[in-house]
Each structure stands twice: as C-alpha cells, then as structure tokens.
Amino acid sequence: MTPVLLLAAEKESAEVTDWAARIGWVVGLALFVALVYWLMREGWKWRGTLQGDLPELPGAPDDPGPVKLSMSGRYHGSTTAGQWLDRIVAHGLGTRSRAELTLTDAGLDVVRPGAHDFFVPVAALREARLDKGIAGKVLTEGGLLVVTWEHGDRLIDSGFRSDHAAEHNEWVETLNDMINKTETEGAR
C-alpha cells in the first residue's frame with residue numbers, strides 16, 4: 001500500500017456529539033442564570049422593605065409659581081446623602097428614568113414618565129453640587145447634578161444628568177442661592 005492509502009485507512013470518523021449531555025449543560029446554565037436574576041430581584045424588594053419607614057413622597061402643589069429653570073434629561077437614582085452607593089429604592093426612587101425637572105419658588109418638581117413623580121419643597125432642599133457618580137452610575141468629573149434634600153428624618157442625594165450638560169452649573173448656582181435665601185429668611 002502506498003503511504004496515502006495508509007493514512008486514509010487509519011483515519012477514523014469524528015466522535016459523535018453527545019446531545020443529551022450538551023442539552024443538560026445548557027438547561028443547567030439557564031436555570032443558574034434565572035436563579036441569579038431571581039435573587040437580585042428579591043434583594044431589591046428586601047431593600048425596599050428595609051426602607052419602608054421612608055414617608056410617601058410629596059406631590060407638586062397646584063400653583064407652584066413661575067418657572068425659574070427647567071431641564072430635560074435622566075434621573076439616575078437617589079442614595080443616602082454622602083453614601084453614593086447606598087441606593088434608596090422605596091417609593092420608586094431607585095428606578096432610573098427620563099426626567100423633566102422644573103424649579104419654581106415652591107421647590108423642585110421631578111416628572112418621570114413611566115415612574116413615580118416627586119416634588120422637593122424649597123424648605124427641604126439642602127445643597128446642589130456637581131459630582132461624578134451615584135448608585136452605580138459613574139460619569140466624568142462634574143457630569144452629574146446631585147441635589148441633596150431632606151425627607152422625613154433622612155438626607156437624600158438625587159442624581160440627574162441633563163441632555164445639555166452645560167446647564168448643570170446654572171442649576172447648581174440657582175439652587176444654592178435659593179437654599180441660602182431660605183435659610184437666611186428662616187433664621188430671622
């Protein structure tokens with residue numbers, strides 16, 4: 001026999017795939033992924049239960065007054081003030097969404113399509129600043145407008161990002177001026 005015929009005779013067919021084992025692995029992996037997602041969901045619900053002492057969010061007044069500033073953008077979430085990873089999920093504050101912010105003499109109105117709207121009275125506002133991150137969302141330095149406000153006995157940081165980031169500085173200045181004015185009037 002010639003060497004070519006010997007090589008052809010020694011070749012064996014490829015091993016047949018064990019379909020039962022392969023399907024078993026795929027089903028096992030799918031069940032594992034489903035379990036992880038279920039545990040994440042239960043953790044989210046548990047966090048909401050732990051934050052159940054947070055009072056209901058106030059709604060906007062019927063006549064808030066003239067609009068000082070308005071902004072459209074994204075709401076990235078709320079955290080315990082000073083703890084940028086401690087997300088607050090109670091009353092829908094943990095849900096990221098589009099947002100329309102309106103600042104009036106009465107306070108800050110946050111309208112969120114598909115999520116719970118909320119209103120922050122001017123007396124509850126504590127600080128406005130530019131920051132780089134909140135609750136799992138990290139941006140460039142100064143890319144996030146963070147508003148600190150008091151609700152019940154908690155200080156809350158809420159993070160917003162405008163569609164036009166150049167608006168952030170004006171928002172910080174105007175909010176802090178309103179807060180200082182309110183504190184000055186309250187001290188009299």
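The values are calculated or read from the model by the stated rules, or taken from the named source; none is laboratory data. None of these values were measured; they are calculated from a predicted model. Cβ atoms come from the backbone with ideal geometry, glycine included; neighbour counts cover every protein chain shown. These accessible areas exclude ligands, DNA and RNA; they are computed on the full protein's heavy atoms, side chains included. Shrake-Rupley method; radii C 1.70, N 1.55, O 1.52, S 1.80 Å.
Can you give the local net charge around ARG126? Use residues other than it whose beta-carbon is closer than 12 angstrom to its beta-carbon, Lys and Arg +1, Asp and Glu -1.
-2
Could you tell me whether the chain comes out rounded, prolate or oblate from its Cα gyration tensor? Rule is a ≥ b ≥ c as square roots of the eigenvalues, rounded for a/c under 1.5, then prolate if a/b exceeds b/c, otherwise oblate.
Verdict is prolate for the chain.
Could you work out the relative contact order of the stretch 31-99? I mean the mean sequence separation of Cα pairs under 8 Å and 6+ apart, divided by the number of residues, in percent.
33
Of PRO66, THR174, LEU93, whose Cα points farthest to the positive end of the dipole of the stretch 43-188 (charges on the beta-carbon: +1 Lys, Arg; -1 Asp, Glu; origin at the Cα centre)?
Of the listed residues, the answer is LEU93.
For the stretch 70-161, what does the alpha-carbon gyration tensor say about shape, rounded, prolate or oblate, given a ≥ b ≥ c as the root eigenvalues, a/c under 1.5 as rounded, and a/b over b/c as prolate?
It is rounded, given that a/c, with a ≥ b ≥ c, falls under 1.5.
With a 1.4 Å probe and all protein chains in place, put LYS137, LYS181 in order of accessible area, largest first.
Descending accessible area places them as LYS181, LYS137.
Using the Cα centre as the reference, give the magnitude of the dipole from point charges on the C-beta atoms of the chain (Lys, Arg: +1; Asp, Glu: -1; all else neutral), rounded to the nearest 20 debye.
Roughly 440 debye, rounded to the nearest 20.
Compute the length gained on full extension between GLU100 and THR17: take 0.36 nm times their separation in residues and subtract their Cα-Cα distance, giving the result in nm to one decimal. Working shown, then result.
On the way: separation 83, 0.36 × 83 = 29.88 nm, distance 5.62 nm.
Separation in residues times 0.36 nm, less the Cα-Cα distance, equals 24.3 nm.
For GLY136, what charge total do you get from the other residues with a beta carbon under 12 Å from its beta carbon, if Lys and Arg give +1 and Asp and Glu give -1?
With Lys, Arg at +1 and Asp, Glu at -1, the neighbours total +2.
Of the heavy-atom accessible surface of the chain (probe 1.4 angstrom), what whole percent is carbon and sulfur?
The value for the chain is 58 percent carbon and sulfur by accessible area.
Which of VAL33, GLN83, LEU50 sits closest to the plus end of the dipole of the chain, meaning its Cα is farthest towards the positive end, when Lys and Arg get +1 and Asp and Glu get -1 on the C-beta?
Value: VAL33.
How much accessible area per residue does the stretch 28-71 have, in Å², with a 1.4 Å probe?
Solvent-accessible surface per residue comes out at 79 Å².
Counting only other residues whose beta carbon sits under 9 Å from that of ASN176, what net charge do I get with K and R as +1, D and E as -1?
Details: positive: ARG129; negative: GLU127, GLU173, ASP177.
It works out to a net charge of -2.
Give me the 1.4 Å probe accessible area per residue for the stretch 74-140, excluding ligands and nucleic acids, in Å².
That works out to 41 Å² per residue.
Residues of the stretch 51-86 with backbone nitrogen within less than 11 Å of a virtual label 7 Å along the Cα-to-Cβ line of LEU155, please, listed as ranges.
Taking a point 7 Å out along Cα→Cβ of LEU155, the residues of the stretch 51-86 whose backbone N falls under 11 Å are 81-83.
Can you tally the lysine pairs in the chain where the Cα-Cα distance is under 28 Å and the two residues are eight or more apart, or on different chains?
6
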